[in-house]
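Below is one structure, written out as C-alpha cells; the observations come after it.
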Amino acid sequence: NAGVTQTPKFRILKIGQSMTLQCTQDMNHNYMYWYRQDPGMGLKLIYYSVGAGITDKGEVPNGYNVSRSTTEDFPLRLELAAPSQTSVYFCASRPTPGQVDTGELFFGEGSRLTVL
Amino acid sequence: AQRVTQPEKLLSVFKGAPVELKCNYSYSGSPELFWYVQYSRQRLQLLLRHISRESIKGFTADLNKGETSFHLKKPFAQEEDSAMYYCALSQSGATNKLIFGTGTLLAVQP
C-alpha cells in the first residue's frame, strides 16, 4: 500500500515554462488536495477535489490548474512558471465521510519546485 | 473568517523540559482540531486530534472553547521530538478542507 505518491520530488524550472506535478493515491479516497508550503507561511490550499470530475479553488489558486479524471489521480499544472511559485508542494487525500474517516489527511512526500 | 494562529515560529527547549506549543483558532461552527507533525525529511503526518482525546508519543492537547485554544503539551521533551508542528482546523461541510497554522519548529537541545 503506497498511500499518496508525488512526482517529481525536485524540479527546477525557468520562468515561463510549464510543468505538471503528479499525484496518485491507492486508498480509494474521494477527497484530494494540493497545498503549497512556504517558509513561515504554513500550508496554503491551492485546489481540492471531492471526487472524480469535481474540482474547486482553494485559497491560492492563481497560476495553477488541476484535473480529476479518475479517483486515483489529481495532477497539478503550472502553465507559466513564476518565481513566486517556488515552493514545496504537497498532495493529500482523505476518505469521504461514510468511509472510515478519522479526519486525517494522508500526505505525499512533497515536491520541491524552484523557478529561476 | 476561519483562522489558525501559532504565535511561535521557533520553540527551543532542553531535553527533559516541559513543552507547550500554542494554537489559537477562530471558527464560527463546532471546530474539529488536529496537530500534524513533520519530522526532518519525512512527510507530514497526523499526531493527534481533539476528538480522540488520546496521548500520542507523550503529547496531549485539550480543546478549550472558551479560550479558543488547542495547545499541544508534553511534560518531558525528548530530542526525537524535534520537528515542525502544525495546528489545523477542519471546516465542517462537504469539502472537509483543512486550514493550517504557520507552524512551530520545536528544537529540543541535549
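The values are calculated or read from the model by the stated rules, or taken from the named source; none is laboratory data. Only a predicted model underlies this, so the values are computations on that prediction, with no experimental measurement involved. Every residue, glycine as well, gets a Cβ built from its backbone with ideal geometry; the counts of neighbours run over all protein chains shown. Just the protein is used for accessible areas: all its heavy atoms, side chains included, with ligands, DNA and RNA removed. Shrake-Rupley method; radii C 1.70, N 1.55, O 1.52, S 1.80 Å.
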What is the one condition in (1) open to solvent by less than 50 Å² (accessible area, probe 1.4 Å); (2) of a type in the set (Lys, Arg); (3) under 29 Å from residue B:11 (Cα atoms) that residue A:44 does not satisfy?
(1)
What number goes with the only condition from (1) of a type in the set (Phe, Trp, Tyr); (2) surrounded by 17 or more Cβ atoms within 10 Å (Cβ to Cβ); (3) closer than 20 Å to residue A:112 by Cβ that residue A:31 does not pass?
(3)
What pairs come out if I take residues in the stretch B:10-30 that are under 12 Å from residue B:108 (Cβ atoms) and open to solvent by 70 Å² or more (accessible area, probe 1.4 Å) and pair them with residues that are assigned to a strand (DSSP E or B) and among the basic types (Lys, Arg) whose C-beta lies under 9 Å away, six or more apart or interchain?
B:18/B:73; B:18/B:74
So which of B:56, B:51 ends up being over 16 Å from residue B:102 (Cα atoms) and open to solvent by less than 60 Å² (accessible area, probe 1.4 Å)?
B:56
State whether one or more residues within the stretch A:52-62 are in a strand (DSSP E or B) and either more than 28 Å from residue B:4 (Cβ to Cβ) or open to solvent by less than 50 Å² (accessible area, probe 1.4 Å) (or both).
no
Considering the stretch A:1-57 alone, what residues qualify as being free of Cβ contacts under 8 Å to residues at least 60 places away in the same chain, at the interface with another protein chain (Cβ under 9 Å from one of its Cβ atoms) and within 15 Å of residue A:109 (Cβ to Cβ)?
A:35, A:43
For the stretch A:61-94, enumerate the residues that are of a type in the set (Asp, Glu) and closer than 25 Å to residue B:42 by Cβ.
A:72, A:73
Would a scan of the stretch B:76-86 turn up a residue that is more than 14 Å from chain A (Cβ to nearest Cβ), in a loop (DSSP other than H, G, I, E, B), surrounded by 18 or more Cβ atoms within 10 Å (Cβ to Cβ) and touching a strand residue (DSSP E or B) at 6+ places or on another chain (Cβ under 8 Å)?
yes
Take the residues in the stretch A:78-99 that are away from chain B (no Cβ under 14 Å) and out of contact with any Leu (no Cβ under 8 Å at 6 or more places or on another chain), then tell me which one is modelled with the lowest pLDDT.
A:79
